[in-house]
Amino acid sequence: MADDVTAPVGPHADAATSPHAGAASRTTREAAPAAGGGARRRGPLSASARKRLEILFFVAPAMALFVVFIVTPVVQAVRYSAFNWNGLGPLDDFVGLQNYANALRDTIFTDAVLNNFFIIAASIAIQLPLGLAIALLLNREIWGRTALRVIIFVPYVLAEVVAGVIWFMLLQPRGIMDALFATVGLEEYTQLWLGDPDIALFTVMVVLTWKYVGLAIILFLAGLQGVPADLYEAAQLDGASWWQVQRRITIPLLGPTIRTWGFLSMIGSLQLFDMVWILTKGGPANSTMTMAVYLINQGTNRSLYGYASAVAVILFVISLVLAALYQYFILRRDNPDAPQPRKARR
């Protein structure tokens, strides 16, 4: 049997028969996977880099637009507000914070701020229950429901200029509204709807409610579609009344939609301009003046662009503060991952 064993032949015979050959072979085989593993570790890094580049590719245009149309105008407004500038010529009359002081001392401007806050409160107090009631009605199986939804939403999609002109013509003295009152025997209740300082702001609120309640109704209808039907069935089996079902099930589950609508209503009320400008231009006697209308009066009509820029900055700060407070105290509850405010220890 010993004769059948063939000895290695060739120049590598000594290496093949060396006691260290097996160890060297194992080392070579172990080194190869290690090198491959190193190449695979470089793969996720390149993938993450590609992911960051993709995100940057899609976000960069939006960020560029944001910087050009939002950040830059705000910075420029802050710069202009420090000068007494009429919109022409160089910025050479530096006044510092004087424009801000003049705005805060102007009773017309402070009344405009109060009017904006009144519009915020009145919009929520009127449109919330009205929109919720109509949404609950239109969410039921009634005849002509689709047509009613379209009719209610039409005023919102109507351009503010068109809606303002229509209502301006309706509310003129001896106009269509006065004729309607006379037809139904209420002629003694006719008023100078847009000319009486005591009722002009309330008249504007009626027009604003007609114009924007459609948004609340559509949002509430969309939120109602997300309420599970089995909850209603379970409540009916338990003998709950219609009001108990709405109070215990519908309104709580509709909370995120209501809070989102409230945020949109608040920001829109702060920036209200076009409807007031068409109806009253802030009159009579500045009774319907808003911050945006006051800004345009001072800037465009009186060429006080430095002062108007200060007013714009104040409007921006008020809007930013209210939006941040609303986000922190109200919208935060809709984000379970957000840290909640700490409760005071007793």
Pop out the ³J(HN,Hα) list for the range 251-265 in order, Karplus 6.51 cos²θ - 1.76 cosθ + 1.60 with θ = phi - 60°, rounded to Hz; leave Gly and Pro as x.
5, x, 6, 8, x, x, 5, 5, 5, 5, 4, x, 5, 4, 5
In Å, the Kirkwood hydrodynamic radius from C-alpha pairs for the range 113-217 sits at 15.4 Å
Here the averaged projected area of the range 154-270, based on the convex hull of its alpha-carbon atoms and given in nm², is 10.5 nm²
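Take peptides 167-176, 317-326 and line them up by average Cβ neighbours within 10 Å, highest first, as a rough protection proxy. Spell out each step's value before the answer.
Working: 167-176: 15.0, 317-326: 12.9.
Ranking the peptides 167-176, 317-326 by packing returns 167-176, 317-326.
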How large is ³J(HN,Hα) for each residue in the range 307-319, as worked out from phi by the Karplus curve 6.51 cos²θ - 1.76 cosθ + 1.60 (θ = phi - 60°), to whole Hz, x for Gly and Pro?
5, 5, 5, 5, 5, 5, 5, 4, 4, 5, 5, 4, 5
With a 10 Å radius around each residue's Cβ, average the other Cβ atoms per peptide and rank 269-276, 127-134, 55-62, highest first.
269-276, 127-134, 55-62
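If we count every other residue with Cβ under 13 angstrom of LEU158's Cβ, Lys/Arg +1 and Asp/Glu -1, where does the sum land? If you can, show how the numbers build up before the last one.
Numbers: positive: LYS211; negative: GLU160, ASP274.
Summing Lys/Arg as +1 and Asp/Glu as -1 gives -1.
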Long-range amide H partners of PHE83 with built H, under 5 Å:
VAL95
Magnitude of the Cβ-charge dipole (Lys and Arg +1, Asp and Glu -1) of the range 107-334 about the Cα centre, nearest 20 debye, reported as 460 debye
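Every number in this text was worked out from the coordinates using simple rules, so none of it is lab data. Computed from a prediction, not measured in an experiment: that's the story for all the values here. When we count neighbours, we look across all protein chains shown, and the Cβ atoms used for this are built from the backbone with ideal geometry, even at glycine.
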